[in-house]
1. Ranked highest first by average number of other Cβ atoms within 10 Å, how do B:35-47, A:92-104 line up?
2. Could you work out how far apart the two model spin labels at residue B:110 and residue B:156 are, taking each label as a point 7 Å from the Cα in the direction of the beta carbon, and quote it in nm?
3. Compute the relative contact order of chain A as a whole-number percentage, counting only Cα pairs closer than 8 Å that sit 6 or more residues apart in sequence.
4. Please compute, for peptide A:27-38, the average count of beta-carbon atoms on other protein chains lying within 10 Å of each residue's beta-carbon.
5. Using the alpha carbons of the range A:8-174, what is the convex hull volume per residue in cubic angstrom, as a whole number?
6. Please compute the modelled spin-label separation between residue A:138 and residue B:38, points set 7 Å along Cα→Cβ, answer in nm with one decimal.
7. Residues of the range A:47-63 with backbone nitrogen within less than 17 Å of a virtual label 7 Å along the Cα-to-Cβ line of residue A:23, please, listed as ranges.
8. Which value in nm describes the separation of the simple spin-label points at residue A:130 and residue A:102, placed 7 Å from the Cα toward the beta carbon?
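Bear in mind that the values in this text are calculations on the coordinates, not laboratory data. If you're wondering where the values come from, they're calculated on a predicted model, not measured in any experiment. Reconstructed Cβ throughout: ideal geometry from the backbone, glycine too, with neighbour counts over all protein chains shown.
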């Protein structure tokens, strides 16, 4: 997140959003609180409707829930969208039950098969930072499949009202 | 024969050999080729510039017209629920979004409408061909098609059923955009 300057960030429900809020809250973060699976779709709508780069922090469980989205995004191919699949092979919010991403399903391969030209695998933080930095420098749709650890740390819920999240996000785009 | 009251209009629901018919007292026919043109005019006159679409038998002519229109950006999706997310993103970026889908797609979208659109007060116009209630040939469409008005009601999603006149559309949609409410227009097959 340190590399993010002016970009719009959409974060998945649960840990991605909570972690983002507690480490670097800013108006250009859209925290998705419900609608599991739709972080990538919201990101697509945003990317198609304005010029700033959109960074989506999505989870393996959520991507599995809305896998069709990968096909839609790949076919429409916005060049200002970076989709980061934070893959810990688990459903964090509900107690780290395994997802099929920990089984036979390789989300990076799924994305390629859906039509993503640029798919990068990142096995650790260093690789993720490098891949992200590279992608920020290119006007190209990209998916970064990042392996991350499971975390049992309890984080507080985001105390912001959804309408506040929406309003300040929208203001930050139009300014 | 059953009577259903929706939004202060009384409908009779008659089941004749697995075909459900909905009739009310304002049964004025309208030439179907005109409807598509009227809807697209309504969309353009009211500033709709972003449409998420999913194919739907009777709406396909309208779909084509909208896709060809240069002022309206259209995005086809793989599932209507996905489309709710895409519309939300477009709205956040300042667009005025609508969806053009089949009513069965609403069934695929309820949680997204509730936990994303209603929760954040993101208004989207959802135009849906109402399946399962009028000369329906596919029985699988009937359970949801018939239950839909009640479900929309239970979820406090404002909706109207358009069977002949499109006049009420403008005010209905304007009100709901002002209030930040996702709202549904069920287009009866009788229109086409």
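1. Numbers: B:35-47: 16.3, A:92-104: 13.9.
Sorting B:35-47, A:92-104 by mean packing, highest first, produces B:35-47, A:92-104.
2. 1.6
3. On the way: 302 pairs, mean separation 40.7, N = 175.
After rounding, I find 23 percent.
4. Numbers: counts 0, 0, 0, 4, 0, 6, 4, 8, 14, 3, 6, 12.
If you average over the peptide's residues, the count of other-chain Cβ atoms is 5.
5. Numbers: hull volume 17.5 nm³, N = 167.
Hull volume over Cα atoms, normalised by residue count, gives 105 Å³.
6. A separation of 5.1 nm, rounded to one decimal place.
7. A:55-60
8. Between residue A:130 and residue A:102, the label points sit 2.8 nm apart.
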